[in-house]
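Notes for the one structure printed next.
Rule-based calculations on the coordinates, nothing more; no lab input. Please read all numbers here as calculations on a predicted model, not as lab measurements. Glycine also receives a Cβ, built like all others from the backbone with ideal geometry; neighbour counts cover every protein chain displayed.
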Amino acid sequence: MAVLGVSCSALRAQDGSGGRASAPAAPPVAGQPAVAVPQGAAGQEVNGRLGVAEREARQQQAELAAARHWGLAALPLKAPEAPAEKPELVAGPNVLLADGLPPVVRRVPTEDNVVFLTVDDGAAKDPEFAEMAAGLDVPLSVFLSDYLARSDYDYFRAMRDRGVSVNNHTVNHPDLRRLGADALRREICGQQDRLEQEIGTRPWLFRPPYGEYTAAALRTAASCGVTAVALWTEEAFPDHLEYRYSDEKLHPGDIILTHFRDPAPGWKGTMADMLRRVIDTATAEGFAIGRLEDYL
Ligand SMILES: [Zn+2]
C-alpha cells in the first residue's frame, strides 16, 4: 500500500520512532477527527477508556489525514525530543561570541536531524497558513516588527496559544547600523516591551532587520532581556529554497528564514505553498522541523 506517495516501508521507518518525540497522544474520543481507525482488540474500550494502541492508531490516522489534506508528498518526520540542555555555543563560522554580548547564531550546533523555521516581519496575516501550521503541528518561531504586526496582534496571539514563540524584530525594521544609542533602545527594547504587552511574554531571541547589527545593538539587546540573536542559513519562498551552502542541502541545525507575505511578484504562491515546500524539502532530505527555542 502506498500512502501519500511513500512506500509502506518508508512509513514504517517513520513510525518506528523509538526515542523520538511524537505529538502527544490524542485524548480519548473528544476532538477526534472523523477518520477510519483499525478495528480489533486494540480498538476496544477498556472501562470506557481507549487503549494505548488505539490512541496511537488514531493519532497516526489524524496525522495522515492532515498530511493528505494539506497536500504533502509524505508524512513529515517527527522532531527528536528537546535536548535536556541547549547545545553549547562555540565560536566559529556559524556562531559569533563576544564577552558580555548575546551570541549571534546562524546555524545551531546539533547533530539532531532538525532544521528550524522562522517567519519574519508580520505583514500578511494569512489564516490558511496559520491553520496549516497548526493542523500539521509545525513548530514556528516568528520575529515581529511592531509596525507591521500591530494591525492584528490577535493573529499572533492565536499562534502563541498553540505554542509558536514570538520574538523581537524591532519596532520599525530599521538598519541598526545607522542608529544611535537612544534609537537603538527605542527600536529593540521598545519591541521587547510591546511584545510583552501584546503577547504576554518577554522574548529572549532577537533578529536584527536585514541581518545587520553592531556591537552597540547587541549590547542594547542584552540590556533588555535578549539572550541570543538568531540569523539564518536558508531562505524559503513558495516556489524554491535559497541555500546558503554550495551543496544546496539542509544541514542539522540550519535556520530557515521566510516572511509573512501575500502573493506578489517575486513571491510566486501562497504562504501555504511556502510551508508545503519547506516541509516536503525537509522530509525528503531526512530532517524534521524542530523548535528553535529548545536549542537556543
Ligand atoms: Zn525583516
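Some points to look at:
- Counted charge near Ala62, where neighbours are those whose Cβ lies closer than 13 Å (Asp, Glu -1; Lys, Arg +1): -1
- Distance from the C-alpha centroid of the range 163-198 to that of the range 54-128: 24 Å, rounded to the whole angstrom.
- Positive contributions from Lys and Arg (+1) and negative ones from Asp and Glu (-1), summed over other residues with Cβ under 12 Å from the Cβ of Ala134, come out at -2.
- Efficiency of FRET between Ala84 and Glu248 - r from beta-carbon atoms, R0 41 angstrom, step 0.05: 0.80
- Here the range 95-294 is assigned +1 on the Cβ of each Lys and Arg and -1 on the Cβ of each Asp and Glu. Its dipole about the Cα centre then comes out at about 580 debye.
- Equivalent ellipsoid dimensions for the range 95-294 as semi-axes, Å, which come from the Cα gyration tensor, largest first: 26, 20, 15
- For Gly122, the shell of other residues with beta-carbons less than 14 Å away shows a net charge of -1, using +1 for Lys and Arg and -1 for Asp and Glu.
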